[in-house]
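S.K.: So that we are looking at the same thing, I have put the structure below in structure tokens.
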Amino acid sequence: MKMYKLVDPKNASGNVIGYTQNKTSWEIGKINIAKKFGTSMCSDQVLHCYRTPDEAVLFNPIHANISNPILLEISCSPIVATDGLKYATKEQTPIKISRLPKWSTNQRVAFAIRVAMAVYKTAPFVKWALAWLSGEDRTYAAAAYAAAAAYAAAAAAYAAADAYAAAADAYAAAADAYAAAADAADADAARAARAAADAYAADAVANIISEAIDWVKENFVN
């Protein structure tokens, strides 16, 4: 499976291209394995990665926040966990260094607005968002009025995370199944239903992100 990973080139030397958390080194062709038992996100039980180079760039500020990252194309084992923003696997092998996509400030803002619009639909916000995206009104006063989106531009994926709440209705059946199983004290069924609900929510987040990126690339070149 092909995925993407950001590494920090600071202090790298020899065959080491860069490092990630816990001083994990990365070299082309060398496999890294998360040996600890478990599949918990944001832990040393897994290795993290991204679906696309664009997502790696956009979410870097709220994840590793590497100042001058190097983007690696990697081959990895099957995905074992995801929050819809980043993905976790147990084994990863760098294949090559890839080009880091360039996203202008305006494009990042546009991405954040499109993501926010998927889950935040109040009339004043939508009016401001459409005016900003069209170029009709990008004044400071208008931006201040919609400060939530401006913050999302600095840390775009925070808005995407709100999609978990928006997905609640979509996986209501799974949530109901979880509750019913819990009432029946069937722990295995409860865990399975909860996992299904979480997976559905993560898919909803991933879809919103993909749609926002595609829209910006097609409609927002500056």
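S.K.: Looking at region 25-36, is at least one residue modelled with pLDDT under 90, polar (S, T, N, Q) and more than 21 Å from Arg99 (Cα to Cα)?
M.R.: No, region 25-36 contains no residue that is modelled with pLDDT under 90, polar (S, T, N, Q) and more than 21 Å from Arg99 (Cα to Cα).
S.K.: Of the conditions (1) crowded, with 17+ Cβ neighbours inside 10 Å; (2) in a loop (DSSP other than H, G, I, E, B); (3) within 14 Å of the chain's Cα centre (by Cα), Asn65 fails just one. Which one is it?
M.R.: For Asn65, the failing item is (1).
The values are calculated or read from the model by the stated rules, or taken from the named source; none is laboratory data. Just so we're clear, the structure is a prediction, and the values are computed from it rather than from any experiment. Heads up, the Cβs are rebuilt from the backbone with ideal geometry, glycines too, and the neighbour counts pull from every protein chain shown.
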